[in-house]
Amino acid sequence: MNLEQLKREIQGCKKCDLAHGRTNIVFGCGNEKAKLMLIGEGPGRDEDLQGIPFVGAAGQLLNKVLEAAEINREKIYIANIVKCRPPGNRVPNRKEAAACLPWLWRQLEIIRPRIVVLLGSTALKNLIRPDALITKLRGKWMESKSGIKIMPTYHPAALLRDPSKKKLVWEDFKKIRDEYKKIMNEVS
Ligand code: SF4
């Protein structure tokens, strides 16, 4: 199974109610062999229209952070907890996230990243534990049973609402950059 095959399989998915309001399923984008994967919350309006994650204002800000950290967006992989836009950009509920997560697990199985960055509280709560707090855990490395290094940080949309968080995210991305460089040196 590769990502193209999985993408074909997901077409027409109606496993949750978010299917009704979507224009496109936002599957994810980037390199199938990425060592670094970013996981956000869900598509917004621009993402829904284009079918690509992180292309709106938050995506532009993410691009700037990646550029500053010398991380090439083409070489990494970007996906979300849910692949269809929640109405009015609300946070996806537990039922929607639970319905969509098996797709993400399958993407992770195919890509097998060495580092996963959780962008925001929704990714953290759904992938680590429901009571996890982004304010407490951001910037701290965790490790999965299979040895994936995991770093939560704020979602770029949170930085648009509160620019004072930019400094903290940059601190986090410096750690991510250093770890990513180390891994890329190992594999090259
Ligand atoms: S959000 Fe996920 S589970 Fe729900 S319909 Fe879209 S692809 Fe299917």
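Bear in mind these aren't lab numbers, they're just calculated from the coordinates by the rules spelled out. Just so you know, these numbers come straight off a predicted model, no measurement behind them. All Cβ positions, even for glycine, are placed from backbone atoms using ideal geometry, and neighbour counts span all protein chains on display.
So here's what we get for this one:
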read-out	value
Relative contact order, percent, segment 14-187 [alpha-carbon distance under 8 Å, six or more residues apart]	25 percent
Quotient of Cα Rg and 2.2 N^0.38 Å for the chain, N being how many residues it contains	0.96
Share antiparallel - DSSP beta bridges, the chain, percent rounded to 5	25 percent
Convex hull volume of segment 9-107 per residue (C-alpha atoms, cubic angstrom)	94 Å³
Amide H within-cut-off set for residue 40, under 5 Å, with H built and near neighbours excluded	79, 80, 81, 119
Peptide ranges 17-23, 45-51 listed from the most packed, as the mean C-beta count within 10 angstrom indicates	45-51, 17-23
Anchor residue 182: lysines whose Cα lies under 19 Å away (excluding residues fewer than 8 positions away in-chain)	33, 35, 75, 140, 149, 174
With 5 Å bins from 0: P(r) over segment 1-54, alpha-carbon pairs, percent	4, 17, 25, 28, 18, 7, 1
Dipole magnitude of the chain about its Cα centre (Cβ charges: Lys, Arg +1; Asp, Glu -1), debye to nearest 20	360 debye
Distance from segment 122-188 to segment 12-43 (C-alpha centre basis), Å	19 Å
